[in-house]
C-alpha cells in the first residue's frame, strides 16, 4: 500500500494500526523499488505495479491543488 500525505504531516501510528490492523513500517529502498517500480524519493502514486492500493491522507484536503514532489 502507498499512503500519500502532506510533506509536513506525521503518521499517527495508533490510528494507522486501528484502521489497518497492523503496525506501520518503512520499507527498505530495494523493496520499495520492487513493489512499486519507483526508487525512494521518487515514488509516484500513478502507474504502480498491479495490486498496490493508494490511500490519500486527510492532510491533503487543505490544498486546492496537490503536486507530487
- request: With the condition kept exactly as written, say whether any residue in the range 43-50 is free of Cβ contacts under 8 Å to residues at least 40 places away in the same chain, surrounded by 12 or more Cβ atoms within 10 Å (Cβ to Cβ) and outside any loop (DSSP other than H, G, I, E, B).
  value: no
- prompt: In the range 53-69, what residues are farther than 18 Å from residue 42 by Cα and without any contact (Cβ under 8 Å) to a residue 40 or more places away in the chain?
  reply: 58, 61, 64, 65
message: Return the residues of the range 1-23 that are exposed (fewer than 14 other Cβ atoms within 10 Å of the Cβ) and either touching a helix residue (DSSP H, G or I) at 6+ places or on another chain (Cβ under 8 Å) or outside any helix (DSSP H, G or I) (or both); say none if nothing qualifies.
response: 1, 7, 8, 9, 10, 11, 12, 21, 22, 23
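Where a number appears in this text, it was derived from the coordinates with a stated rule and is not lab data. Remember, it's a predicted structure, so these values are computed and weren't measured experimentally. Positions of Cβ are backbone-derived with ideal geometry, glycine not excepted, and every protein chain shown enters the neighbour counts.
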